[in-house]
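To keep things clear, I will list the structure first and then write my remarks on it.
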Amino acid sequence: MIRAIRGGAIGQNGRGVVLGLGLLGLVLLALTGCTTIPEPENMPVPGENPERPPPETHRFADTLSICSGMTVSNAPRVEISGKIADFTPLIAISGLRLAVAPVPGACLSSGYGLRDGRLHKGLDYWAALGTPILAAGNGIVAEMTYRADYGNMILIDHGHGVYTRYAHLSAFGDDVEPGEAVRAGQVVGLMGNTSDQAIPVHLHYEILTGSYRTPKGSFGLTPVDPFGSNNGAINNDAVNNGD
Ligand SMILES: [Zn+2]
C-alpha cells in the first residue's frame, strides 16, 4: 500500500516532468512563433485575396504646395515658398491613418470649404493627365462607377465609419474591383477630367465619416476637412456635386 502510494507519488512526479517538458515545448513554440510574426506591411489585409500577391504600393508625398499660378480658394495656411504649412502626409481619423494628398507630385488646386458660395467638400489636386492616384489607406472598394457629376469615381471603405472618394478619374487602377481590398499606396486610378461637364484635369478627393446606411449612401456621409478648419461639422444637405 505504501509502495503503491510511493509508486503513485513517483508516477505523479513523472507526469510532472512530462507536463513541465510539454510547457517548455509550448514556450519554445511560442518564442519561435514570435520570430516569424510578419512586419506590419506584410500583415494580411482584411478582405484581401490571400491567393494573389500583394499589390505594388507607393509612398505618399512628404510635402504639398499650392499650384503655382492658380488662385486657390480656401487654401490652408501657406508658407512664402508656396508649401502648405504644417503639412503631414497622414492624418488620424477614428483610429485610422489616411493620406491627405493621395497623388505624389500633385499640387493643391482647391481647398476645402466655401467656394463661390457653395461648400466644396473635398480637396482638388492637379497633376498631369494619367498621373497615378493612390488609395489613402487600406480598405474595400465600396463604389466604382461613373456619375454625371463625379465622372469615374471610387469610394473606399476603410472601416470604423471612414471612407475616401476619388473623382474624375481617367481610368481605374488595374486589379481594382468593387468589393475587393486595396492597400494604402496602391494605384486605384489615374488623374483625369471625366464628368458630364467640361472640367479641367484634377482629382476631387473627399475624406468622409459616418454611417453608409442612410438613404443617401455615401452622399449621406459627413465630409472632413483634413486641414482641420471645418472638421466633421458640416450639414451634408448643403452639399451637392463633386467638382
Ligand atoms: Zn473638388
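None of the figures in this text is laboratory data; all of them are computed from the coordinates on show. These numbers were taken from a predicted model, which means no experiment stands behind them. Positions of Cβ are generated from backbone atoms using ideal geometry, with glycine treated the same way; all protein chains shown enter the neighbour counts.
With only Cα atoms counted, region 80-205 has Rg and Dmax values of 14.0, 44 Å. If you take all other residues with their beta carbon under 10 Å from the beta carbon of M153, and give Lys and Arg +1 and Asp and Glu -1, the sum is -1. Once Rg and the Kirkwood radius are both taken over the C-alpha atoms of region 132-232, their ratio Rg/Rh works out to 0.95. Rounded, prolate or oblate for region 169-216? Axes are the square roots of the Cα gyration tensor eigenvalues, ordered a ≥ b ≥ c, and the cut-off for rounded is a/c under 1.5. Oblate, since a/c reaches 1.5 and b/c is not below a/b.
Between beta-carbons, use under 11 Å as the cut-off and find the net charge around T194, counting Lys and Arg +1, Asp and Glu -1.
On the way: positive: R147; negative: D149, D196.
Charge balance near T194 sits at -1.
If the chain linking L90 and K216 were pulled fully straight, counting 0.36 nm for each residue of separation and taking away their Cα-Cα distance, it would gain 42.6 nm.
Neighbours of D174 by Cβ distance under 13 Å: Lys/Arg scored +1, Asp/Glu scored -1, total -3.
Rank by packing, highest mean first: peptides 204-217, 178-191, with packing defined as the count of other Cβ atoms within 10 Å averaged across residues. Provide the component values of the computation, followed by the final result.
On the way: 204-217: 17.0, 178-191: 20.6.
Packing proxy ranking, top to bottom: 178-191, 204-217.
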